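Comments concern the structure below.
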Amino acid sequence: MIAADLITGLILAGGRAQRMGGIDKGLIPFLGKPLIASAIARLQNQVGPILINANRNITKYAIYGYPVVMDETPDFSGPLAGFSAGLKACKTPYMLTSPCDSPLLPLELASELTHEMERGDFQLVFASSQEPDGKVWAQPVFCLMRTDVLESLEQFLQKGDFKIDRWFKELRSSTIIFNDANAFANVNTLQELQNLEKISQ
């Protein structure tokens, strides 16, 4: 079994949040606390060290006591740029990623993904969610990877490609389906924020 202290948690808070008017989503209040605080609370018992990937408001994120890593590209290049920054700062053999705006992320995320990684000797395992109607959706920003995938990621990014699913196809990857779709619900509008607050109370 991959122990929690061998896994670094990377919380992705480096996006532009265009659908929210460009405000910094990780700092939006959710049940009275910034969204980033909910992400930390859900993740901290599943991993050892934690890193926060952010590209603005660095001092506000640093208040939580974890290292803040910035993308090397200045143009909000998406989650793969965050993965790259996290992998370069990661000192454990595994890294688990999660976005800052999914405050109900599964408490068994790490255990389910590590079990699958060990089962098939994969380089990366990502989460998928199943809706009540049976549809399955990939949730690629929730993933566990071996930190030695950094070279593959760097080569991929150097091609100018930032599509997360295309990179996954270059690796030995697998997915685990979670039945609670709400666990992966994220905040893109104020209405979604209010709906999530109702669900979680």
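Of all the residues that make up segment 47-63, how many are touching a residue at least 24 places away in the same chain (Cβ under 8 Å) and in contact with a strand residue (DSSP E or B) (Cβ under 7 Å, 6 or more places away or on another chain)? I'd like the intermediate steps shown before the answer.
To start, the set of residues in segment 47-63 that are touching a residue at least 24 places away in the same chain (Cβ under 8 Å) comprises 47-57, 60-61.
If we keep only those that are in contact with a strand residue (DSSP E or B) (Cβ under 7 Å, 6 or more places away or on another chain) too, we end up with 47-54, 61.
Adding up the residues that qualify gives 9.
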Pairs where the first residue, in segment 152-179, is more than 17 Å from Met117 (Cβ to Cβ) and the second is of a type in the set (D, E, K, R) and in a helix (DSSP H, G or I), C-beta under 9 Å, 6+ apart: Phe156/Arg166
Looking only at segment 123-168, which residues are under 18 Å from the mean Cα position of the chain (by Cα), outside any strand (DSSP E or B) and aromatic (Phe, Trp, Tyr)? Phe162, Trp167, Phe168
Which of (1) in contact (Cβ under 8 Å) with a residue 60 or more places away in the chain; (2) outside any helix (DSSP H, G or I); (3) buried (at least 16 other Cβ atoms within 10 Å of the Cβ) is the odd one out, the single condition Gly86 does not satisfy? (2)
Checking Ile11 against (1) at pLDDT 95 or above; (2) aliphatic (A, V, I, L, M); (3) assigned to a loop (DSSP other than H, G, I, E, B), which test does it fail? (3)
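I need the full set of residues from segment 89-122 which are outside any loop (DSSP other than H, G, I, E, B) and within 14 Å of Ile52 (Cα to Cα), in order please.
Ala89, Met95, Leu96, Thr97, Ser98, Pro99 - these are the residues of segment 89-122 that are outside any loop (DSSP other than H, G, I, E, B) and within 14 Å of Ile52 (Cα to Cα).
Looking only at segment 47-67, how many residues end up being outside any helix (DSSP H, G or I) and either surrounded by 22 or more Cβ atoms within 10 Å (Cβ to Cβ) or hydroxyl-bearing (Ser, Thr, Tyr) (or both)?
Quick first cut of segment 47-67, residues outside any helix (DSSP H, G or I) only: 47-57, 63-67.
From what's left, either surrounded by 22 or more Cβ atoms within 10 Å (Cβ to Cβ) or hydroxyl-bearing (Ser, Thr, Tyr) (or both): 47, 51-55, 64, 66.
Within segment 47-67, residues that are outside any helix (DSSP H, G or I) and either surrounded by 22 or more Cβ atoms within 10 Å (Cβ to Cβ) or hydroxyl-bearing (Ser, Thr, Tyr) (or both) number 8.
The values are calculated or read from the model by the stated rules, or taken from the named source; none is laboratory data. Computed from a prediction, not measured in an experiment: that's the story for all the values here. When we count neighbours, we look across all protein chains shown, and the Cβ atoms used for this are built from the backbone with ideal geometry, even at glycine.
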